[in-house]
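I have placed the structure first, in the form of structure tokens, so that the comments after it can refer back to it.
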Amino acid sequence: MQALEDFTRFLARSPTAFHAAREITNRLAEADFTPLTEGERWKFEPGKGYFLIRDDTLVAAFRVPKKAPVSAVVLASHVDSPALKIKPRPELSHHEIGQLGTEVYGAPLLHTWLDRDLYIAGRATVLDGTGAVQSLIITLDDYPVIIPGLALHLDRTVAEKGINVHKQDHLKAIFTLQAKEKHLETWLRKHHSFKTLLSFDLFLVPLEKPTFLGFDGEMLAAYRLDNLVSVYASLYALTSAKPRPDALQMAFFWDHEEIGSMSFVGAQSLFASQIFERIAAFFKMSGEDLYRLKSRSLCLSSDLGHAFHPNFADKYDPQHTCLLGHGVTLKCNANQKYATSSTTAAAVLQLAEKKKMPFQKFVSRSDIPSGSTVGSIMAANLGIATVDLGITGWAMHSTREVIAAKDELALMELLLAALEGL
């Protein structure tokens with residue numbers, strides 16, 4: 001249970017992508033990985049680990065072998081989750097009731113944001129006392145806000161039709177009954193010293209902490225399990241893996257997966273390819289050598305999947321239902337939403353069989369399209385064969401998702417075995 005308790009600490013410290021990236025880099029540094037910046041000339045000590053961060057959210061980490069690599073094992077996950085983002089000019093009032101305007105990030109289950117204690121977290125960009133631009137990681141958990149739902153008496157149709165949440169009108173968070181200007185900046189100044197607030201990327205976050213559920217504590221409920229389950233497992237695997245003499249061990253922790261990955265910090269950028277090129281340059285590998293390395297490599301894209309929900313049994317393909325507590329799930333479909341092929345699946349299935357690890361296979365119903373991951377993007381942009389997998393959960397994109405705790409342990413061990421043995 002020690003690893004699971006540490007996982008809950010990781011979750012609690014990662015309310016936004018900015019916090020998650022900071023936690024990842026802190027843990028990498030504690031594991032003796034050396035920080036790099038994109039603007040410096042890279043020099044490596046063979047057998048050592050390195051990491052870099054782009055724009056406070058995208059993290060890449062790798063361990064270089066003792067000689068020029070002939071293959072690579074790459075882990076891919078993402079640090080962002082569906083959320084409500086605070087608008088640039090958020091403060092408004094109605095009859096002196098102060099509200100914060102929000103916009104929808106990704107595709108959250110909107111009704112789960114109602115009637116829940118929320119706080120503000122993210123990043124602010126400021127001018128410090130010297131006039132230099134500075135980024136601040138923000139946590140305002142001592143100033144809770146709320147988005148109240150409407151009473152049943154005022155909408156008698158809700159029991160039959162369900163809650164209809166209007167993205168523009170119904171998702172303004174109430175923060176005071178005595179509105180005045182610049183509340184938000186005042187809150188920020190109570191926690192941070194700066195000269196001028198330039199801009200911010202702030203989100204609403206549920207105040208409720210991760211909790212183990214069930215008679216035996218076998219389930220874990222939390223915000224952002226999609227996809228911090230994979231982030232934590234990848235981080236554990238990379239920092240725990242034994243170095244290999246001629247194989248590159250890598251992990252990418254992407255941002256913006258929930259909104260399409262088309263950004264400076266998303267998987268559709270050239271970031272991963274550029275890192276491969278810079279590592280190859282250090283080892284004086286030719287372009288031909290790099291192509292050969294990629295042909296011998298495998299990327300494991302890991303993301304949360306859908307567990308069988310007994311209250312909605314008709315939403316699943318009956319021959320491909322995946323159960324909580326039954327291990328890692330291989331994700332497959334016909335339309336390349338997932339990158340899995342029979343050959344990439346075979347490599348992971350063989351490893352799981354060798355290690356006696358439980359495994360499931362997921363395919364969505366033919367009339368219900370599946371979600372997507374960074375897997376196919378990584379395969380196309382990086383030119384490395386890729387397999388999509390993960391563990392499953394309930395209420396994906398809710399403010400309170402649920403997994404089986406032992407499935408997280410299974411994913412951690414599988415990714416570790418992949419780095420050491422594929």
Spans of strands (runs of 3 or more DSSP E) in the range 1-102 with at least 3 residues surrounded by fewer than 19 Cβ atoms within 10 Å (Cβ to Cβ): 83-94
Odd one out for Ile146, checked against (1) at pLDDT 95 or above; (2) farther than 30 Å from Leu298 by Cβ; (3) crowded, with 19+ Cβ neighbours inside 10 Å: (3)
Which of the residues that make up the range 205-232 are buried (at least 20 other Cβ atoms within 10 Å of the Cβ) and either assigned to a helix (DSSP H, G or I) or without any contact (Cβ under 8 Å) to a residue 60 or more places away in the chain (or both)? Leu225, Asp226, Asn227, Leu228, Val229, Ser230, Val231, Tyr232
Which ones in the range 233-261 are open to solvent by 20 Å² or more (accessible area, probe 1.4 Å) and hydroxyl-bearing (Ser, Thr, Tyr)? Tyr236, Thr239, Ser240
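Got a sec? Which of Leu324, Leu389, Leu415, Leu411 is modelled with pLDDT of 95 or more and more than 18 Å from the chain's Cα centre (by Cα)? So that I can check it myself, show each step before the final result.
Values: Leu389 fails: more than 18 Å from the chain's Cα centre (by Cα); Leu415 fails: more than 18 Å from the chain's Cα centre (by Cα); Leu411 fails: more than 18 Å from the chain's Cα centre (by Cα).
Exactly one residue qualifies, and that residue is Leu324.
Would you pick out the residues in the range 143-202 that are touching a His at 6+ places or on another chain (Cβ under 7 Å) and among the aromatic types (Phe, Trp, Tyr)?
Start the filter on the range 143-202 by keeping residues that are touching a His at 6+ places or on another chain (Cβ under 7 Å), which leaves 163, 165, 175-176.
If the condition is that a residue be touching a His at 6+ places or on another chain (Cβ under 7 Å) and among the aromatic types (Phe, Trp, Tyr), then Phe175 is the only one that fits.
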When every residue in the range 273-306 that is of a type in the set (Lys, Arg) and outside any helix (DSSP H, G or I) is compared, the one surrounded by the fewest Cβ atoms within 10 Å (Cβ to Cβ) is Lys284
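Lys337 - would you say it is part of a strand (DSSP E or B) and touching a Ser or Thr at 6+ places or on another chain (Cβ under 8 Å)?
Working: part of a strand (DSSP E or B): no; touching a Ser or Thr at 6+ places or on another chain (Cβ under 8 Å): yes.
In short, no.
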Give the number of residues within the range 149-180 that are outside any loop (DSSP other than H, G, I, E, B), touching a Leu at 6+ places or on another chain (Cβ under 7 Å) and of a type in the set (Val, Ile, Thr). 1
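Could you please find all residues in the range 361-420 being among the β-branched types (Val, Ile, Thr) and assigned to a loop (DSSP other than H, G, I, E, B)?
Residues of the range 361-420 that are among the β-branched types (Val, Ile, Thr), as a first pass: 363, 368, 373-374, 377, 384, 386-387, 391-392, 399, 402-403.
Within the range 361-420, Val363, Ile368, Thr373, Val374, Ile384, Ile391, Thr399 qualify.
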With touching an Asp or Glu at 6+ places or on another chain (Cβ under 7 Å), surrounded by fewer than 19 Cβ atoms within 10 Å (Cβ to Cβ), farther than 18 Å from Ala417 by Cβ and in contact (Cβ under 8 Å) with a residue 60 or more places away in the chain as the only criterion, which of His397, His309 stands out? His397
Among the residues of the range 175-204, write down those that are aliphatic (A, V, I, L, M) and buried (at least 16 other Cβ atoms within 10 Å of the Cβ). Ala179, Leu184, Leu188, Leu197, Leu202, Leu204
Cβ pairs under 7 Å, 6+ apart or interchain, first in the range 176-202 and farther than 17 Å from Asp142 by Cβ and of a type in the set (A, V, I, L, M), second part of a helix (DSSP H, G or I) and at pLDDT 90 or above, ordered by first then second residue, are Leu197/Glu185; Leu197/Leu188
Any chance Thr340 is open to solvent by less than 40 Å² (accessible area, probe 1.4 Å), in contact with a strand residue (DSSP E or B) (Cβ under 6 Å, 6 or more places away or on another chain), under 18 Å from Val73 (Cα atoms) and not basic (Lys, Arg): yes
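Just to be sure, is Ile368 touching a residue at least 12 places away in the same chain (Cβ under 8 Å), open to solvent by 50 Å² or more (accessible area, probe 1.4 Å) and either touching a helix residue (DSSP H, G or I) at 6+ places or on another chain (Cβ under 7 Å) or over 30 Å from Leu204 (Cα atoms) (or both)? Please lay out each step first, then the result.
Numbers: touching a residue at least 12 places away in the same chain (Cβ under 8 Å): yes; open to solvent by 50 Å² or more (accessible area, probe 1.4 Å): yes; either touching a helix residue (DSSP H, G or I) at 6+ places or on another chain (Cβ under 7 Å) or over 30 Å from Leu204 (Cα atoms) (or both): yes.
Here the answer is yes, as Ile368 does meet what is asked.
The values are calculated or read from the model by the stated rules, or taken from the named source; none is laboratory data. Values in this document were obtained by computation on a predicted structure and should not be read as measured data. Here Cβ is always computed from backbone atoms with ideal geometry, including for glycine, and neighbour counts include all displayed protein chains. What goes into the accessible areas is simple: the full protein's heavy atoms, side chains included, and nothing from ligands, DNA or RNA. Shrake-Rupley method; radii C 1.70, N 1.55, O 1.52, S 1.80 Å.
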